[in-house]
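Working notes, beginning with the structure itself.
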Amino acid sequence: MTELVWITLVLPLIGVAVLAILGMKLPPRAAGWFASLIMLAAFACAAIATAILATRPAEERQVVQVAWTWLSAGNFSVGLDLWFDELTAVMLLVITGVGFLIHVYSIGYMKDDPQSRRFMAYLNLFVFSMLVLVLSANLVLLLAGWGLVGLSSYLLIGFWHNKPKAIKAAKKAFIMNAIGDVGLALGIFLLFVDLGTVSYTGIFAEAGRLSETQASVACLLLLVGAVAKSAQLPLHTWLPDAMEGPTPISALIHAATMVTAGVYLIARMNPLFIHAPKVLDLIVIIGVVGLIMSGLIAIVQTDIKRIIAFSTMSQIAYMFVGVGLTAYWAGIFHLFTHAFFKALLFLGAGLVIHALNGEQDIRNMGGLRKQLPKIYFCMMIAAFALAGIFPFSGGFSKDAILSAGLNVDTTIGWIAYIGGLLGALLTGIYTFRLIFMVFHRRASPYAERVIPESIKHHGEGPSTMLWPVYILAIGAAFAGLLQIPGLTHVVTSWLEPIAPDGMVEATVGQDWLTTLIGTTIGLIGIGIAYHLYARESTSPELIRNGRGRLIHRALERRLYWDDLYEWSFEKPVQWASSFLNRDVDRTAFRWAPLDGLGQLTAFFGRSFAIIENGIVRMYALVLALGIAGMILFLLVRGA
Amino acid sequence: MITVSWLIAVPAIASVLLLLLPFSQRAAGYLSLLVSLAVAGGVIGFIYRFEPLGGDQFGDNVAWITQLGIRWHVAVNGVTLAMIAITAVITCCAIGYGMWARRERSHASFALILMTEAFLIIVFSARDLVVFYVGFEGMLIPLLVLLAAWGGKGRKTAMIQVIAYTAMGTLLMLLAIAWLGFTAPGGPNFDLYGAIGRGNDWVFAAFAFALAIKSPLFPFHGWVLPAYREASPEVAAVLSGVASKAGGYAFLAVLVPLFPEQSAKYAWIFIALGAFGFLYGALLAFRQPDGRGVIAYSSIAQMSFVILGVFLLNSRGATGATFQMVNHALVSGALFLLAGWLETQAGSGSFKHLGGLARSRPVLATVALIVGMAALAVPGSSVFASEFLILLGSFEVHWWLGVIVTLGIVLGAMYMLRWISAVLHEREGDFVGTLNPPDLRRGALLCILPLALILVGLSIAPAQFTDRVDAAATTMISAAAKEAGR
Amino acid sequence: MSVTLPFFLALSAILFSIGLVGVLLRRSPLTILLSLEVMLNSVNVTLVAFSRYVGGSDGQVFALIVMGIAAAEVVVGLGLVVAMTRRTMVLDTDELRTLNG
Amino acid sequence: MDLVVFFLAALAAIATAVAVVAQKNPFVSALALLGNLVALAVLMLLLEAQFVAVAQIIVYAGAVMVMFLFVIAYVGPRGEVGPGERKPWQIWLAILAAALIAIEVVAVVYGATFSDWAEISGDYGSPAAIGKSLVTNYLLAFEIVSVVLFMGAVAGVIFGSGGRPLRLSNDEVLAKEAASAEQRRREDSRAVLDAARDSMGGDR
């Protein structure tokens, strides 16, 4: 079984190597299929490994295997260790499975791009990085995967590297992630100093030794990393900008890989976080604030991908709420369903954009449901799942999180519950605003002009792009059935062993109550969206220009977070650097010592030039004075 | 049995032959490449036979100047081996690059590079203070000639700056060595191990001053920018890749073991300067107008960081510092060669004229990305491994020190990303558009690729490195660490 | 004999100083050479006086040798003066200042 | 008696030395030096160094000084150089240095204790004794002095004969003559003009 996991890990790396070395010699389509098949093989291995794992008794499901020592110094030693358990298995399946579909989709999406082979190599690298992240058995290797994911996202967001905006977004993502890396690294240092180990087994065994402060600080630092990677407050600003990358990347980042890493980290480190209850509360609050804020911002965005990006932020915030409430299974369950419907949304949006020749502004769309019926159908499934409508997958997982809040029955629990429901309302509004604006409303002149042409060319899209969407649509529709309250409990029973200290699990009654309320609220949201956006309505204009103008503006500028970072961090660094370069380094450190030396030499030169005037008499005079002085010295000393 | 003296003698003799005999350009190139490869082969043999816990190996210890008690005492331990290995690698690449660039008067140029290599190996393997001094001072001579004769427009100023700075430092060091040697009990004796613990604060200061200039440690870095900017790329690679490591190495392998008491007492000064220099260099690198400026200031930052690592006086810091030196040698060597390639092929090293080079140049893009990502210490890379060790060491000493220094990592990411995107990405620069440079091809690629590949290899298994070095590095700082109570 | 060695030595010192002043202050090479002779002769007095004081002939031999060297020096010096004259230079040592740094 | 002779000779020596240094005319200086040499010869006689005293007069005064006088005559009035620019601090420093040396030596001599003159045999200072010493103990020094003297003579010849000869070449003579003719013509014409202006009673 461990061999299979190793193969899963190594396969994408082989893909990267082959594509990097042979890349230019392979035809683009072959390269695409090669990368995709690699992913399929990886998925198959992961699936078989999971199946084998499932046959084992629950106590034997944690597998740790050491390959070789990666780094050592003194008593510090980090191995290239593999960790495979139920949580890893879920992550592995999501990453390789959804990853495979996105690979296939990319073949079609990138078929006109001359650099598609590089793209495929990057995709494989991305999956590999994520696999390192989830398969590592210690924090340092996790950090390595963490950084590699950041690197891959940098490469992919900035894939169209002649677009300065894309490069800027890529750099932003990288820097934000680097800040997260730093937090994570500091957390690791702290844990090593306190516990003398960085391996999961060691930390989990020793976590009880930590005082609450120590545990809180360490968890807080780990949280910084998680927040940066998962694009949560306050390090979320890179996520919307990351939409500059090709659409499959957005899908991969948002659905299967990168942003889920933070949730994974918290769920993985739950034996540690359990000792820092305040940090757990903080996670819930970050989640609640984040989901409401991003929901609000999503309502006013006009770029189709940005809307979905903010929806990702809000859904990840739900997951944070889940793991923060120690309902780890619910968080991971939402991560699982989210992977389907979010990938579906992005890939569907990609098809729409594709059909519209690259147009991303939803105001230039409209009325597409007649021309693009298949896409419309799939997108509707995704939208219902996202809005958490029973019985689509998102409904089950989101309600599981909320009912956990109800079950906890503390202030934090209620905050989570009410905030989550409010978020559900917002989700309904913005999701269906997108659906109505894109598919329903009367078609915009642009869409009317472009769509028939594009349909005539390649239908709704090439089959490599459509099939992944169909498969995802099935997942988005039915994945939730794994955990029907009171009926099935695949997820809870599977994930139970990962949290030795137990998880919050709502009662069946609480679950169904939440589902009822959640679905109702979601439907209300859809209704509001229908009222505002499905028909030609003046209401949005009224909001934009009327009393809500300032709020609207603020939401459009994403509540000024970007400006805050620009003025508090980016600009000061630039100023400091310019100032030091221009005024300090050159004068004080590069020239001052030399000038000093030069002045000194020149001073001595000038001083001796008085005597060294070439007149022999003067030399004789000095000689005589010297002799006189010497005799005087001897006289005085002799006396 | 090949000892390290052979590795010194072979390039030295080759260098003299190249200077004296009328070789053709091609013959000179191939001969020096062969010699440098032979040295590299010798080093590989050392690595193969090396015993990590065996202390000094492959050494010679014979009387040299009997009247003054000076002995030709050279040997190899883990740290030395690492340093010699990068010296050999960078020299090969530098000579290869010189051949590719068709350096004029190449036989002299290569001879001087080989001479530098010989002196550097002397520095790294010397176990006698006078021998050490000979290497430390001697390596300046070929480097200065290389800078003065093959440098860019401002080479004269650069040379004067280098001389002014380094001469000041090494003069003091000579005094310190003389003091140590002549106050030895039982007549003059310059043995490195014999002088341990005999120095006083002044001797320590004189020594440290010379090494700080060479490294360079903030605020003695004034000579770095002009020298790195004006030297020809292969010389800049040698200069920043290995010559500057002589300073860092000497801090770890000579200064700290020689003066355990003073090292412990004044460690805070070096830690403070190192931490500040790390942030300072990173900040300055951020707004440099050209690639060489970025590399120069990043070198300042990195070497300050290395010295910080040495003076943490714990095993993590020492091993990390050694590892960091090796990584930085590979990174800055590769970056300088790339900068040279850009200057010849794209006509400029200035960001104003570059950009968009990644398009339809996949090899260049890949190599530059690997090196660039290593330089910004992306987690998982070998640079990350070494920085991680030093940071962990800092954190163990003072948690706030760890926090401060860790911030430098973000700054490092910022300037390296700027370099990558300004060269490879964004809009096509005007020079790139007009000159349309080709992709990185055979000759130049063969010089830069080994460095990138070694970086990748070290990233996969950094423990292969640290296991060999750890024992030696820990021994070096152990006495001082005991003094410091760590 | 009531004249003792110190008398000679003091006289020699005084003569030496007078000659030195001449060497230091005069600019004509001829006068400088003449002043030099004064200095050399003052030293000769010392040598002879010490020779008498010790009772050996060594000092006198030295004095003779000094005379020989002085003669050689005068020859060279005067040769220089003649050369300067032939080059129609002003006979002023201050004009010979190519040594200045 | 000795004391009187000593003081007379010493006074003469000092006076002539001052004259050598202070006289502006090198000819007078040279003559003063002759007097100085004679005075010193007297002192040497007082020290019973007859041979040295005689050598002093014959070799120095007779041969060397004659050469001096020849050169002075050859150089002529050029030998006299005026005071020129000379900073006062130079004078004071020079005098200070000289005075310091004199005073210091006198102080040393004054502070030291000397025994009386040594007992000497009859042939002390005789040519025979000196000659014997020269060709036995000091043979090498004697020979070296001869070589030095020889080299000095050669150097003197070379210095004296080198450089541009005083005689001008043909072209130079012609050029010089042409220049002076031009000069004269100009002066003549100016004189004519002046005369004309004067005759016209021009007012200035």
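The values are calculated or read from the model by the stated rules, or taken from the named source; none is laboratory data. The model shown is predicted, which means the values in this text are computed figures rather than measured ones. Glycine also receives a Cβ, built like all others from the backbone with ideal geometry; neighbour counts cover every protein chain displayed. Note: accessible area is taken over every heavy atom of the protein model, side chains too, but ligands, DNA and RNA are not part of it. Shrake-Rupley method; radii C 1.70, N 1.55, O 1.52, S 1.80 Å.
Results, tabulated for the structure shown:
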quantity	calculated
So A:Leu221, is it within 19 Å of B:Trp400 (Cα to Cα), modelled with pLDDT of 85 or more and open to solvent by less than 50 Å² (accessible area, probe 1.4 Å)	yes
Residue within region A:447-461 that is without any contact (Cβ under 8 Å) to a residue 40 or more places away in the chain, part of a helix (DSSP H, G or I), hydrophobic (A, V, I, L, M, F, W, C) and open to solvent by 30 Å² or more (accessible area, probe 1.4 Å) present	no
In region B:301-325, the residues that are open to solvent by 10 Å² or more (accessible area, probe 1.4 Å) and within 21 Å of B:Val378 (Cα to Cα)	B:Gln302, B:Arg316
Inter-residue pairs, beta-carbon under 6 Å, first in a loop (DSSP other than H, G, I, E, B) and in region B:341-366, second surrounded by fewer than 24 Cβ atoms within 10 Å (Cβ to Cβ) and basic (Lys, Arg), 6+ apart	B:Gly355/B:Arg427; B:Gly356/B:Arg427
Identity of the residue in region A:33-53, without any contact (Cβ under 8 Å) to a residue 60 or more places away in the chain and surrounded by fewer than 19 Cβ atoms within 10 Å (Cβ to Cβ), that ends up nearest to A:Leu123 (Cα to Cα)	A:Leu37
Region A:289-317, residues that are assigned to a helix (DSSP H, G or I) and open to solvent by 10 Å² or more (accessible area, probe 1.4 Å)	A:Val289, A:Ile292, A:Met293, A:Leu296, A:Ile299, A:Val300, A:Arg306
Every residue from region C:18-57 that is in a helix (DSSP H, G or I), open to solvent by 10 Å² or more (accessible area, probe 1.4 Å) and within 7 Å of chain D (Cβ to nearest Cβ)	C:Ile18, C:Leu20, C:Val21, C:Leu25, C:Arg52, C:Tyr53, C:Val54
Selection status of C:Leu15, open to solvent by 10 Å² or more (accessible area, probe 1.4 Å), modelled with pLDDT of 90 or more, under 17 Å from the mean Cα position of the chain (by Cα) and among the aliphatic types (A, V, I, L, M)	no
Residues of region B:226-252 satisfying the condition of being open to solvent by 10 Å² or more (accessible area, probe 1.4 Å) and either without any contact (Cβ under 8 Å) to a residue 24 or more places away in the chain or among the hydrophobic types (A, V, I, L, M, F, W, C) (or both)	B:Leu239
Number of positions in region B:116-129 that are in a helix (DSSP H, G or I) and over 16 Å from the mean Cα position of the chain (by Cα)	1
Residue match in region A:266-283 (condition: farther than 23 Å from A:Leu495 by Cβ and open to solvent by less than 10 Å² (accessible area, probe 1.4 Å))	no
Residue that is nearest to the other protein chains (Cβ to nearest Cβ) [pool: residues in region D:107-131 that are open to solvent by 60 Å² or more (accessible area, probe 1.4 Å) and either in contact with a helix residue (DSSP H, G or I) (Cβ under 6 Å, 6 or more places away or on another chain) or not small (Gly, Ala, Ser) (or both)]	D:Phe114
Some residue of region A:254-263 being in a helix (DSSP H, G or I) and open to solvent by 10 Å² or more (accessible area, probe 1.4 Å)	no
Only listed residue being open to solvent by less than 10 Å² (accessible area, probe 1.4 Å) and either touching a helix residue (DSSP H, G or I) at 6+ places or on another chain (Cβ under 8 Å) or of a type in the set (S, T, N, Q) (or both), chosen from B:Phe388, B:Phe351, B:Phe395	B:Phe388
Number of positions in region B:471-483 that are open to solvent by 30 Å² or more (accessible area, probe 1.4 Å) and either touching a Ser or Thr at 6+ places or on another chain (Cβ under 8 Å) or among the β-branched types (Val, Ile, Thr) (or both)	3
Residue check, B:Leu401 crowded, with 23+ Cβ neighbours inside 10 Å and either in contact (Cβ under 8 Å) with a residue 12 or more places away in the chain or more than 20 Å from B:Ile90 (Cβ to Cβ) (or both)	no
Residue match in region B:137-151 (condition: among the acidic types (Asp, Glu) and assigned to a helix (DSSP H, G or I))	yes
Residue pairs meeting the criteria (Cβ under 6 Å; at least 6 apart or on separate chains; first without any contact (Cβ under 8 Å) to a residue 24 or more places away in the chain and within 8 Å of chain B (Cβ to nearest Cβ), in region A:68-91; second surrounded by fewer than 24 Cβ atoms within 10 Å (Cβ to Cβ) and basic (Lys, Arg))	none
In region D:105-141, the residues that are within 26 Å of C:Gly68 (Cβ to Cβ), among the aromatic types (Phe, Trp, Tyr) and at pLDDT below 85	D:Tyr124
Test: residue in region A:193-209 that is open to solvent by less than 10 Å² (accessible area, probe 1.4 Å), within 14 Å of chain B (Cβ to nearest Cβ) and not aliphatic (A, V, I, L, M)	no
Residue in region B:411-431 that is more than 10 Å from every other protein chain (Cβ to nearest Cβ), of a type outside the set (Asp, Glu) and open to solvent by 40 Å² or more (accessible area, probe 1.4 Å) present	yes
Residue match in region A:163-186 (condition: under 30 Å from A:Pro277 (Cβ atoms), of a type in the set (Val, Ile, Thr) and within 11 Å of another protein chain (Cβ to nearest Cβ))	yes
Subset of region A:11-32 (residues that are without any contact (Cβ under 8 Å) to a residue 40 or more places away in the chain, more than 24 Å from the chain's Cα centre (by Cα) and open to solvent by less than 60 Å² (accessible area, probe 1.4 Å))	A:Ala17, A:Val18, A:Ala30
Residues (under 14 Å from C:Val48 (Cβ atoms) and either touching a strand residue (DSSP E or B) at 6+ places or on another chain (Cβ under 8 Å) or facing chain C (nearest Cβ under 7 Å) (or both)) located in region D:11-45	D:Ala13, D:Leu37, D:Leu40, D:Leu43, D:Met44
Pair list, Cβ under 7 Å, 6 or more apart: region A:248-266 residue under 13 Å from A:Val224 (Cα atoms), other residue crowded, with 24+ Cβ neighbours inside 10 Å and among the hydroxyl-bearing types (Ser, Thr, Tyr)	A:Ala261/A:Ser230; A:Gly262/A:Ser230; A:Val263/A:Ser230
Residue in region B:440-449 that is nearest to the other protein chains (Cβ to nearest Cβ), counting only those that are crowded, with 20+ Cβ neighbours inside 10 Å and at pLDDT 85 or above	B:Ile448
All positions within region D:18-46 that are open to solvent by less than 30 Å² (accessible area, probe 1.4 Å) and under 11 Å from the mean Cα position of the chain (by Cα)	D:Val20, D:Val21, D:Pro26, D:Ser29, D:Ala30, D:Ala32, D:Leu33
